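Some notes on the structure that comes next.
Computed from the coordinates by the stated procedures, all read-outs in this text should not be read as laboratory data. From a predicted model like this one, the values you see are computed outputs, not experimental measurements. Positions of Cβ are generated from backbone atoms using ideal geometry, with glycine treated the same way; all protein chains shown enter the neighbour counts.
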Amino acid sequence: MGCFRCTGKSSKKSENLNNDYSDNKTNKPQDQTASDAVKVNPDVNVKESEVKKEAVSKHDQLALDVKGLNMKEEVSKDGQTNGKRAQTFTFDELAIATGNFRSDCFLGEGGFGKVHKGRLEKINQDVAIKQLDRNGHQGIREFVVEVLTLSLADHPNLVKLIGFCAEGDQRLLVYEYMPLGSLENHLHDLPPGRQVIDWNTRMKIAAGAARGLEYLHDKMKPPVIYRDLKCSNILLGEEYHPKLSDFGLAKVGPSGDKTHVSTRVMGTYGYCAPDYAMTGQLTFKSDIYSFGVVLLELITGRKAIDITKSSKEQNLVAWTLKM
Ligand SMILES: Nc1ncnc2c1ncn2[C@@H]1O[C@H](COP(=O)(O)OP(=O)(O)OP(=O)(O)O)[C@@H](O)[C@H]1O
Ligand SMILES: [Mg+2]
């Protein structure tokens, strides 16, 4: 059993789409992204009417959507942020925080771009700064959806977005720093000397990830389908406390008596629910399928997709089903 339309490397998002996110913006309520729905939510102060007056391209429109969010956060006297809304940072502030994106601050790289560790003195906090690679697979839409989703979310098992930078062409996201990195770093291709995580810790990580998912599905208003649950998106804090990260693909879930949202297939090969991959009908259960794959990885120590194995063993779900 495999995901027929999600093709590509297991570590990268892949989809049957190109980089033009603009045609994803339809008026159909069932094809809303998280950002689309949030625009009509008065809580986030989106000045949509002002935004619409501008004669801009759709990509510029998205950038304006972020700027119209009125997310500017005052930093209190003790250096902490007031509330959960994201702050805006200048590019210079983030360059200084990372020593001009020095190579020894480099944490890793995904489809969005490079991630560096930094230190923001004004809030007295270590952060992880993700910089959009303009030539990469992901883009402005994911940046906007990430900011909107995480600005509304607040849960101990979701990574905190501290702020963002949308200056000129630059798009950067600033997160709380997760000292143990991603679950993937602890499960697969361990560097010499790294301890294998024990069974109890594995179950603690699974339970925390499930709580984060439950919050997205059942507590958030509007409810959100994550679409990107995988080991590399489960970040680990002190004592392996897990937090879900990367909400750029998130979609508002079906409302009323609808069972699904119809959308282009996006996700990561190996984690994508086969029914969603075949029909484009996204449901909350699509995330549960991905959670099941993560659980299998935790239990078996195998990768969701491992092309170094024999063909019968490459796909973890297919291999498990034959047992
Ligand atoms: N908040 C954070 N704290 C510490 N490390 C982080 C943080 N966010 C990301 N990283 C590290 O940066 C690396 C790249 O992460 P990123 O989310 O960009 O890509 P990915 O999840 O590996 O791939 P994909 O783009 O397919 O989702 C990962 O190795 C991750 O461990
Ligand atoms: Mg990630």
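Karplus-derived 3J(HN,Hα) values for segment 300-314, using 6.51 cos²θ - 1.76 cosθ + 1.60 with θ = phi - 60°, are 9, x, 8, 7, 4, 10, 9, 6, 7, 8, 5, 4, 5, 10, 5 Hz; glycine and proline are entered as x. Among GLU93, GLU297, GLU142, the ranking by other beta carbons within 10 Å of each residue's beta carbon, starting with the fewest, stands as GLU93, GLU297, GLU142. The convex hull drawn around the Cα atoms of segment 183-321, when projected onto a plane and averaged over every direction, covers 9.3 nm². Using R0 = 41 Å, the C-beta based FRET efficiency linking SER262 and ASP198 works out to 0.45. Spin-label model, THR300/ASP126: points 7 Å from Cα along the beta carbon direction are separated by 3.4 nm.
Note on GLU238 and GLU167: the model spin-label points, each 7 Å out from Cα along the C-beta direction, lie 3.2 nm apart. Set Lys and Arg Cβ to +1 and Asp and Glu Cβ to -1, take the dipole of segment 191-242 about its Cα centre, and tell me which of LEU229, MET203, PRO191 lies farthest positive. The listed residue farthest towards the positive side: LEU229. For MET266, no residue 5 or more places off, or on another chain, has a built amide H under 5 Å of its own.
Counting every other Cβ atom within 10 Å of each residue's Cβ, SER286, SER255 order from fewest to most as SER255, SER286.
Here's how it looks for GLN87: its modeled amide H is under 5 Å from those of GLY163, PHE164, which are all 5 or more places away or on a different chain. Gain on full extension, evaluated as 0.36 nm per residue between LYS309 and LYS219 minus their Cα-Cα distance, stands at 28.4 nm. Scalar couplings 3J(HN,Hα) for segment 221-238, obtained by applying the Karplus form with A = 6.51, B = -1.76, C = 1.60 to θ = phi - 60°, are 10, x, x, 10, 9, 6, 6, 9, 6, 6, 4, 6, 9, 9, 8, 10, x, 3 Hz; x denotes Gly and Pro.
Listed from fewest to most Cβ neighbours within 10 Å, the set GLU238, GLU109 follows the order GLU238, GLU109. At 10 °C and 1.306 mPa s, grab the translational diffusion coefficient of segment 78-230 from Stokes-Einstein with a Kirkwood Rh over Cα pairs, rounded to a whole number in µm² per second. The Stokes-Einstein estimate is 94 µm²/s. What the Cβ-Cβ distance of ALA207 and LYS285 gives, at R0 = 25 Å and to the nearest 0.05, is a FRET efficiency of 0.85.
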